[in-house]
Structures are given as C-alpha cells and as structure tokens.
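Structure record follows, encoded as structure tokens.
The values are calculated or read from the model by the stated rules, or taken from the named source; none is laboratory data. Just so it is clear, the model here is predicted, and its values are computed rather than measured. In this analysis, Cβ positions are derived from the backbone assuming ideal geometry, glycine residues included, and neighbour counts consider all displayed protein chains. Heads up: the accessible areas ignore ligands, DNA and RNA and are worked out on the full protein's heavy atoms, side chains in. Shrake-Rupley method; radii C 1.70, N 1.55, O 1.52, S 1.80 Å.
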Amino acid sequence: MTDATDQVTLSHDGQSYELPVIVGSQDERAVDIRKLRSASGLITLDDGYGNTGSCTSAVTYVDGEKGVLKYRGYTIEVLATKSSFVETAYLLIFGELPTSSQLNEFRGLLTQHEFIHEDMRHHFDGFPPNSPPMAILSAMINAVGCFQPDFMQPEDDEHFMEPAARLMSKIRTIAAASYRKSIGKPMIYPRSKLRYTENFLHMMFSKPYEPYEADETVVAALDRLLILHADHEQNCSTSTVRMVASSRANLYASVAAGVCALWGPLHGGANVAVIEMLSELQQSGEPLERFIARVKKKGSSTRLMGFGHRVYKNFDPRARILKNACHRMLDKLGVHDPLLELALRLEEVALSDSYFVERHLYPNVDYYSGIIMRAIGIPTNMFTVLFAIGRLPGWIAHWREVHTNENARIDRPRQIYVGPNVREYVPIDERG
Ligand code: ACO
C-alpha cells in the first residue's frame, strides 16, 4: 500500500477538510476518512457497504469490472487448472505456494487431525433428525474449540500450521457426519490413506460394510470446486469472520459465525436456491419468459437465483470456469441432467433481456456449482456445507490477518439514529 500525494477536499458548513487518498497495490483508490469525524463531526453512511473499504488486505484481489480474481497474486484460472485444494489453502493461509516438504507436512497434519474426539461424536446425537447440516456445522465448529487449547501463535507460520490444518481437517469430518446424521445413518470414520477431497467423499458415501470408490473425474471436479470457493475478499461471511476476530475471539468462534453468515440464500445458500428454482420451473413447466417477467416485476420477491453480484459487473470468472467444467464433467460421466439444459436456456433468456443487461446481472459462482454437485451425488442440503469447506482457508487467512495486525482495532461501525427523541415513561396501567 502506498500513500498517494493527492487528496480529496471536502467542504461543509464553510469549512474545508483535506482527506488523504490511499492507493492499493493494484491502483485501487480509497479516501481515508479515519480522521473525518474528529475533524468535522461528520460520519459517512453506506448501508450494505457498497462503497466502504473495511480494511486493507493482502489475501485476495477482485476486479469486478474486468472479472479478475487472484489469490495472493495467482489468478483463479491458473490455480483452478494447476493447483490442488490443499495447496491453494496453504497459499491463502501462509501467503506463498508451499515447497514439497511444506506441502507434505501440511498434508500429514490434515491426516493426523482427521478424527474428531469421541466425546464430540456424541454431540451429534443431540440434534433432531433432519437438522440442517449448516446448523450442525456451525455448532460443532464451536464445539471443536472446547476440545482445543485456546493458545495460538498466528504470527508464526510453523506454529500456526497445526491449528489451521486441524480445523480444515475436522470441518470435513464434521460436515460428512452432519450429513450422515441428517439422513439417520451412522457416521463413517476417515481413512488416512485417502487425500483430502477423496476422504470427504468416502465419509459421505461409504457404507460400514462397503467402501465408496470415488471416480477420478468426480474427485478432480470437487477439488476444483473447492478451489473456486476458497476466498473472495470482503464478502458477507468473511467480513463476519473478520468482525468477530476483531474482538480477539478465537478461530473457532470466528469461523462458526462465518458459517452462519454463509448460510443465507443471498450468499452461500444461493446454490441451493438455484436448484430449487430450476426444479420448480421444470415441474411447473412455466415458460421461461413468463418467469423472467415475474422476476422483473417492480417489488417482486422472486429473484433469478445465481444471478447478480455486488462486485462482478461483467462476468464472474468462477462461473465461467464452472460452466465449462460442468459440461466436461457431465460428458465424461455420461450424465444427462435436464436441469443443466434448463439453466442454459434460462441464462440465454436473461442475458438477452435489457433488465439484466442494464443492471449488469450475470451468472455468479452459484449458478452452475449446484449442477456439478448433483452430478457428483452431493445432496442439495449439503451444497452450502461444501461451500463452507471450500471457503474455510480464506476465513482462516483473514482471521490470521486480523490477529497479526498490530494496528487492528475492534470493528465498531457507527450509525445515523432515526428513532424517537426522549420519551416519557408511562406506567403500564396508564398505557392506552
Ligand atoms: N434477480 C433479479 N433482479 C436482481 C437480481 C436477481 N438475481 N439481483 C439484483 N437484482 C436487481 C435488484 O432488484 C435491483 O434492481 P433495482 O435497481 O430496479 O432496484 C438491482 O438489480 C441491484 O440489486 P441489489 O440487490 O441492490 O444488488 P446487491 O449488490 O445488493 O445484491 C446480490 C447482490 C445479493 C448477489 C443480488 O444480486 C442477489 O440477490 N442475487 C441472487 C442471489 C444470489 O445468487 N446470491 C449469490 C451471490 S454470490 C455469493 O454470495 C457466493
């Protein structure tokens, strides 16, 4: 980050205020308002934070106009074709691609921590059948924290590798167990000789008497899907993790909060909503033009799920990669999914409609990810959980960035109060 020589002058009430302009490493510019209130008494108002930089960060770069996404300087296109999820996770958390020995050490730790404490296993019994796996995931991540010492040294790579690997490994075991719980089936123990993604599929789909043999294409597709979800700078769930971390809360509490934020249908839950939307359209046979007209109606509560993004205004590079991957994978597996055809037609109808063109609404990462997960055999109620497994390295990296920033302050936005002024308290028997 460099300080630019230029500044912005703000005039208000006969006074002028000089505000410095901060420049990021990709020439992004921000007006530094940190001293604005003490100098002028004014604050800024930006609900939804569309124009607010909440921090400086060296983890991920997004250029929404050009459709660029980079983790630690590496483009998503390169990582999606050349890297693995575990290597990408290491890159995000530690800032550099690992050497072979670092990667082996990290892999070894992932294997070492794949089991959950036996006492923790009993926690699953407390959840009612059909509990949403996202609820179980969030609760159980907090529970993992109860079984681990609180002490962490986030500034030390060597030391931090252990807690980072522990959480990454356990989230996979918990996620698979939460699915098994939700369908009333026994938990499957991990198998140490399997790699990260394959081991997850084993815990999801093996039977106690018959191991699941994962297809190479399926493992590769899932691994790529996890890479594409691994970080996305200051999105809702990552900002949540950072905000909780800013109070100096521990890694588990901060990540558990991130899981809850991700759950919502406007964020990670959109991958479920897309499949629900496509399935309803398929069943009802409603003409796509009529559905689009419903979506466009002023005040409509129906949205075209999987479309639109706060930052990407031309295309979402992740959606492009996924659309191609989706075709390739379905072809290779010989799967014919009518929902993919429907999704393609719906995309075409939307993208030729001025409503979507004028508002810069394009397919986002969630539009095609559900179709890939269906083909892999992942049930719909696990889609957002898969997103959480993918996003975890990003959350860990951001948690670490907050905890290693000596100048970090607790996040505490201000507000413009619009409620009533002083009111007189009326005793209950005198209220009308
Ligand atoms: N369908 C129809 N109209 C839409 C959509 C959509 N999917 N998305 C935005 N719009 C319209 C809005 O109605 C609004 O129209 P108006 O100007 O006439 O009022 C305009 O486009 C701007 O929309 P906002 O809601 O202000 O955009 P915002 O940046 O706040 O929201 C969001 C972004 C939440 C992603 C939104 O586009 C949306 O709801 N999309 C559907 C849900 C979804 O796919 N979420 C996943 C996002 S990616 C992720 O989180 C991993």
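If we keep just the residues of the range 360-387 that are under 18 Å from Arg172 (Cβ atoms) and of a type in the set (Phe, Trp, Tyr), which is surrounded by the fewest Cβ atoms within 10 Å (Cβ to Cβ)?
For the range 360-387, the residue satisfying everything is Phe383.
A quick yes/no check of all residues on (1) open to solvent by less than 10 Å² (accessible area, probe 1.4 Å); (2) without any contact (Cβ under 8 Å) to a residue 24 or more places away in the chain; (3) over 21 Å from Phe205 (Cα atoms):
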| site | (1), (2), (3) |
| --- | --- |
| His122 | no, yes, no |
| Ile136 | yes, no, no |
| Phe147 | no, no, yes |
| Glu155 | no, no, yes |
| Phe160 | yes, no, yes |
| Ile171 | yes, no, no |
| Lys193 | no, yes, no |
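If you check Leu342 against the conditions, is it within 16 Å of the ligand (Cβ to nearest atom), among the aliphatic types (A, V, I, L, M) and more than 19 Å from Leu228 (Cα to Cα)?
Numbers: within 16 Å of the ligand (Cβ to nearest atom): no; among the aliphatic types (A, V, I, L, M): yes; more than 19 Å from Leu228 (Cα to Cα): yes.
Against the criterion (within 16 Å of the ligand (Cβ to nearest atom), among the aliphatic types (A, V, I, L, M) and more than 19 Å from Leu228 (Cα to Cα)), Leu342 does not qualify.
Tell me, please, whether a residue that is assigned to a helix (DSSP H, G or I), surrounded by 13 or more Cβ atoms within 10 Å (Cβ to Cβ) and of a type in the set (S, T, N, Q) can be found in the range 17-39. Step through it out loud before you land on a result.
Narrowing the range 17-39 to residues assigned to a helix (DSSP H, G or I): 36-39.
Imposing the further condition that a residue be surrounded by 13 or more Cβ atoms within 10 Å (Cβ to Cβ) reduces the set to 36, 39.
Right, trim to of a type in the set (S, T, N, Q) and you get none.
No, the conditions are met nowhere in the range 17-39.
(1) over 26 Å from the mean Cα position of the chain (by Cα); (2) not in a loop (DSSP other than H, G, I, E, B): which one isn't true of Asn142, the others all being true?
So the condition that Asn142 fails would be (1).
Take the conditions in contact (Cβ under 8 Å) with a residue 24 or more places away in the chain and open to solvent by 10 Å² or more (accessible area, probe 1.4 Å) and apply them to Ile141. Does it pass?
Judged against the criteria, Ile141 is not a match.
Looking only at the range 96-123, filter to residues that are of a type in the set (A, V, I, L, M, F, W, C), outside any helix (DSSP H, G or I) and modelled with pLDDT under 95; which one of those is nearest to Ile141 (Cα to Cα)?
Residues of the range 96-123 that are of a type in the set (A, V, I, L, M, F, W, C), as a first pass: 97, 103, 106, 109-110, 115-116, 120.
With outside any helix (DSSP H, G or I) added as a condition, the list becomes 97, 115-116.
From what's left, modelled with pLDDT under 95: 115-116.
On the way: Phe115: 14, Ile116: 11 Å.
Applying the filter and picking the extreme gives Ile116.
Can you tell which of Lys181, Lys193, Lys207 is within 24 Å of Pro265 (Cβ to Cβ), away from the ligand (no atom under 16 Å from the Cβ) and over 19 Å from the mean Cα position of the chain (by Cα)? Spell out how you get there, then give the answer.
Values: Lys193 fails: within 24 Å of Pro265 (Cβ to Cβ); Lys207 fails: within 24 Å of Pro265 (Cβ to Cβ).
Criteria check complete, one pass: Lys181.
Out of the residues in the range 295-319 that are part of a loop (DSSP other than H, G, I, E, B) and aliphatic (A, V, I, L, M), state the one that is most open to solvent (accessible area, probe 1.4 Å).
So, considering only residues that are part of a loop (DSSP other than H, G, I, E, B) and aliphatic (A, V, I, L, M), the one most open to solvent (accessible area, probe 1.4 Å) is Val311.
Tally up the residues in the range 265-294 that are open to solvent by less than 40 Å² (accessible area, probe 1.4 Å) and in contact (Cβ under 8 Å) with a residue 12 or more places away in the chain, please. Write out each step before concluding.
Kept after step one, since they are open to solvent by less than 40 Å² (accessible area, probe 1.4 Å), are these residues of the range 265-294: 267-275, 277-279, 281, 286, 288, 291-292.
With in contact (Cβ under 8 Å) with a residue 12 or more places away in the chain added as a condition, the list becomes 267-275, 277-279, 281, 288, 291-292.
The number of residues fulfilling the criteria is 16.
So in the range 335-346, with the set limited to residues that are in contact (Cβ under 8 Å) with a residue 12 or more places away in the chain and in a loop (DSSP other than H, G, I, E, B), which one is nearest to Phe291 (Cα to Cα)?
Asp337
Name, by its number, the condition in (1) part of a loop (DSSP other than H, G, I, E, B); (2) over 27 Å from Phe115 (Cβ atoms); (3) within 14 Å of the ligand (Cβ to nearest atom) that does not hold for Glu276.
(1)
Just checking, does the range 296-310 include any residue being under 25 Å from the mean Cα position of the chain (by Cα), within 13 Å of the ligand (Cβ to nearest atom), under 26 Å from Pro132 (Cα atoms) and of a type in the set (A, V, I, L, M)?
Yes, that holds for at least one residue.
Listed residues Val349, Val357; which is exposed (fewer than 15 other Cβ atoms within 10 Å of the Cβ), within 13 Å of the ligand (Cβ to nearest atom) and part of a helix (DSSP H, G or I)?
Sole residue among the options that is exposed (fewer than 15 other Cβ atoms within 10 Å of the Cβ), within 13 Å of the ligand (Cβ to nearest atom) and part of a helix (DSSP H, G or I): Val357.
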